[in-house]
1. Could you check the range 165-218 and list, in sequence order, the residues that are modelled with pLDDT under 80 and surrounded by fewer than 16 Cβ atoms within 10 Å (Cβ to Cβ)?
2. What are the residues in the range 287-334 that are modelled with pLDDT of 80 or more, touching a Phe, Trp or Tyr at 6+ places or on another chain (Cβ under 8 Å) and either more than 17 Å from S45 (Cβ to Cβ) or of a type in the set (F, W, Y) (or both), if any?
3. Residues in the range 33-54: is at least one surrounded by fewer than 17 Cβ atoms within 10 Å (Cβ to Cβ) and among the aromatic types (F, W, Y)?
4. Kindly indicate whether S262 is among the polar types (S, T, N, Q), out of contact with any Cys (no Cβ under 6 Å at 6 or more places or on another chain), surrounded by fewer than 19 Cβ atoms within 10 Å (Cβ to Cβ) and more than 15 Å from V168 (Cβ to Cβ).
5. Determine which member of the set R29, R16, R33 is among the charged types (D, E, K, R) and within 14 Å of T75 (Cβ to Cβ).
6. Count, please, the residues in the range 195-254 that happen to be in contact with a strand residue (DSSP E or B) (Cβ under 8 Å, 6 or more places away or on another chain), free of Cβ contacts under 8 Å to residues at least 40 places away in the same chain and in a loop (DSSP other than H, G, I, E, B).
7. From A222, A284, grab the single residue that is over 30 Å from A161 (Cα atoms), not charged (D, E, K, R) and not assigned by TED's automatic domain parsing to the domain that holds L49.
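The values are calculated or read from the model by the stated rules, or taken from the named source; none is laboratory data. For clarity, every value in this text was computed on a predicted model and none was experimentally measured. Cβ coordinates were reconstructed from backbone atoms using ideal geometry, including for glycine residues, and neighbour counts include every protein chain displayed.
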Amino acid sequence: MNRSKRSDVFSSTSLRIAPGALSVATTWRHPRRGWMDCPAHPLLSAHALRAGFAVATLPWPASGPGGRQEPAPPTTVFAVSYASPEGGHRGLAVAARSDEAAALAFARHQIESWGAVLRTRRVLHVSEAAAGDGGRLACGCPVGRDCPSAGYAERSLHRSADRGDEVVVVGEPVTGSGTWPRRMPAGQVMRAATLRQAEALWVRDPDRLAFVVAPGAVVSEAVGILGVLRRRFPRLRGQHPGEWCYTMDDLDTAVGSVLAQSDALLVTGRSGGPLASTALVRAARTGVRVRELTSLDRLGPQDIDGATVTVLDTAAPETGPGTVPDPGSGVDVGTGSGTGARQEGAPGSRSVGQILAGLGPASHIWRVVRTETVALPPPSRARTESRATV
């Protein structure tokens, strides 16, 4: 892509711009390259508004820079463009009145800054839909069908307590993944959320200890804690693994797999949910750069300066896997909409994905991990008898 990148500065008398304002192109005609789309135009507009400029975001007329029509006050156009693999060209273009030094300096800086990070990149998407499409249920996990795990865990908790066992709740729900249990039993209930707590756990009768895995916990972490408890308390009994909740384990696996190959993480939508909590903890461990996008003007060139960027959508998805709209389709890419609990004004993953598609050729990949508990049928009687006679 770098070989096709071109930066230009034009003088024009065909763009009418109000004093103290900037004009950002959604589409425009380059004098040599012809018509081009500007999918990242919301980004320029957001930064200009934050800097205190009035902004007109619109398609520039066909006469454009260097064209012929009734003369307007002189303006200067700053633009950067590149060849799209699908054909044609894309880029960024912003114009200011030629007699306004502050506006000219801002426009030049924006084009130079974003032009420096134009490149081919992979965009890896993970959303709460990676565990299914639907609302939050009793255990707090975003799944697409009824999730009985919270009921199973509560039933096992009360059954063990009613037997007179001491009960240890293994693991801890990921932040934002709901509360549990709804009703605490009368017996002794302890918690082992970490390996250290499992090593330090004290019980009155080691032969009467039972466990329940907390719904909303990461199962792979809970299994490690159970290993410590089983070593210390060989007669430990507890909840059948077919009743455990694997949703957060799937999200943790999906997030870990994309961050392992990412240069940066962009968090869109709402903060404080289980997916965001998981991703932020993992990113801190691995040193991946993180930007939480409560608004588009928080996205800077340094945030996308890499070959692979992960976009994390922590609200109801605006699009499904593989359905990032074509940036030239006319779909609004402003602040995003949708039915999720998105922070007001926060861009969604579709908006950010389309903007990245205007900052260099982008390949969008959705990472989905899903675990299913399957009950295998028992072997038939005839097959069992035939094996016995061999």
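1. T175, T179, R182, R183, M184, P185, A186, Q188 - these are the residues of the range 165-218 that are modelled with pLDDT under 80 and surrounded by fewer than 16 Cβ atoms within 10 Å (Cβ to Cβ).
2. Once the filter is applied, which keeps residues that are modelled with pLDDT of 80 or more, touching a Phe, Trp or Tyr at 6+ places or on another chain (Cβ under 8 Å) and either more than 17 Å from S45 (Cβ to Cβ) or of a type in the set (F, W, Y) (or both), the range 287-334 yields nothing.
3. Yes, the range 33-54 contains a residue that is surrounded by fewer than 17 Cβ atoms within 10 Å (Cβ to Cβ) and among the aromatic types (F, W, Y).
4. So S262 fails the test.
5. Testing whether each residue is among the charged types (D, E, K, R) and within 14 Å of T75 (Cβ to Cβ) leaves just R16.
6. 7
7. From the options A222, A284, the qualifying one is A284.
Yes/no matrix, rows are residues, columns are (1) aliphatic (A, V, I, L, M); (2) part of a loop (DSSP other than H, G, I, E, B); (3) within 19 Å of L356 (Cβ to Cβ); (4) modelled with pLDDT of 95 or more:
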residue: R29; (1), (2), (3), (4): no, no, no, no
residue: P42; (1), (2), (3), (4): no, no, yes, yes
residue: A62; (1), (2), (3), (4): yes, yes, no, no
residue: G91; (1), (2), (3), (4): no, no, yes, yes
